[in-house]
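Shown next, in structure tokens, is the structure this report addresses.
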Amino acid sequence: MNDTPRILMCPPDYYGIQYEINPWMNRSRPAAHAEACRQWEQLRRILADTGATIELLEPVPGLPDLVFTANAAMIYQQTAYLSRFRHPERQGEEPINARWFSEHGYRVERLPEGYYFEGAGDALFCGDTLYAGYRIRTDIRSHQYISRKTGRRVISLELVDPYYYHLDTCFCPLNHEAAVYYPAAFDSYGQRALRENIPLLVEVQPEEARHFACNAVVVGRRVVTNTGCARLHQELRRLGFEPVETPLSEFVKAGGSAKCLTLRLDGEDAAGWRREAKAADSVPAGLDSPSDTPHFDVPAADGNL
Ligand code: ARG
């Protein structure tokens, strides 16, 4: 198995605020096109500098949110579980995504008609568990469907704040035992589920959550976010990560930031199944290697839900 991280991005040629499907979007606050292109290029450069290969999805006129490739699908091994968007405004992206994944060697899985599922925006592995957001975009039936198909444990988390409408706006696994989260985006059950199952949780403050601190791209020790997340960066440095900031204000206007603009094609660093795949290839497991990601001595989570 090739170990180079692979990330899917889509150039912002046709990006803009053309409709309003989340509280961040306001057609009277358009994105500055040239600035959006500069910000996207810089993000791409930072990610390429981590050693990741950046693959490109061709932009399509009339699909301004196609830039948010996190919503194309959820990747599990060689399968792409395609998104089925809740809003008709984004449903035109589905055939484009389907074509890209099948042309690039993925097995493409579609959820049943009438299910809503918004890909890695709402479904993130941390260790062996898939954490999945529901209610605002993805519906909970989709979680059950994916759990049955993959045989993986899914913890369903209700998203209660319309500003944090996708799970990746308020939760970000750092590795198999650590994650960043914004507690107020979850109900008390969700907060408890996260606390009891993830040994190390870094809490983001409201002002930084609004700057999309949780919407981070993790590649090994690097953690890339929007600007305005200084406290989180300080905490990440203390834990042995290397936070990097880059301005993404033009994408925040659409309700997205660094993570939303990317899809990890080989599985997130935090995904337990990635380590299994590596072990099967008898490549040393990444998490045992000190150069890959920081390791913490944390007490084992106790208690069951
Ligand atoms: N305007 C897009 C939407 O509302 C933004 C998507 C952001 N993506 C994400 N993974 N959070 O669907």
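Take the conditions (1) surrounded by 24 or more Cβ atoms within 10 Å (Cβ to Cβ); (2) over 14 Å from Tyr131 (Cα atoms); (3) under 15 Å from the mean Cα position of the chain (by Cα); Cys229 misses just one of them, which is (3).
Cβ-Cβ under 9 Å, sequence separation 6+ or interchain: first residue in the stretch 181-207 and touching a residue at least 40 places away in the same chain (Cβ under 8 Å), partner in a strand (DSSP E or B) and among the β-branched types (Val, Ile, Thr). Which pairs? Close Cβ pairs satisfying both conditions: Ala193/Ile155; Leu194/Ile155; Asn197/Thr129; Asn197/Ile155; Ile198/Thr129. Is it fair to say Ala271 is crowded, with 20+ Cβ neighbours inside 10 Å, within 22 Å of Val154 (Cα to Cα) and small (Gly, Ala, Ser)? In short, yes. Note on the stretch 81-123: among residues that are assigned to a loop (DSSP other than H, G, I, E, B) and hydrophobic (A, V, I, L, M, F, W, C), the one that is farthest from the ligand (Cβ to nearest atom) is Leu111. Among the residues of the stretch 199-212, is there at least one that is more than 30 Å from Tyr19 (Cβ to Cβ) and assigned to a helix (DSSP H, G or I)? No, the stretch 199-212 contains no residue that is more than 30 Å from Tyr19 (Cβ to Cβ) and assigned to a helix (DSSP H, G or I). Residues in the stretch 247-265 that are in contact with a helix residue (DSSP H, G or I) (Cβ under 7 Å, 6 or more places away or on another chain) and surrounded by 20 or more Cβ atoms within 10 Å (Cβ to Cβ): Leu248, Glu250, Phe251, Ala254, Ser257, Ala258, Lys259, Cys260, Leu261, Thr262, Leu263. Among the residues making up the stretch 13-32, those that are more than 10 Å from the ligand (Cβ to nearest atom) and not polar (S, T, N, Q) are Asp13, Tyr14, Gly16, Arg27, Arg29, Pro30, Ala31, Ala32. Taken over the stretch 33-70, the residue count meeting the criterion of being under 23 Å from Val244 (Cα atoms) and in contact with a helix residue (DSSP H, G or I) (Cβ under 8 Å, 6 or more places away or on another chain) is 10. Within the stretch 33-58, the set of residues being of a type in the set (Gly, Ala, Ser) and more than 16 Å from the ligand (Cβ to nearest atom) comprises Ala34, Ala48, Gly51, Ala52.
Every read-out reported here was derived from the displayed coordinates using simple, explicitly stated rules and does not represent laboratory data. The structure displayed is predicted, hence computed values, not measured ones. Virtual Cβ from ideal backbone geometry, glycine too; neighbours counted across all protein chains shown.
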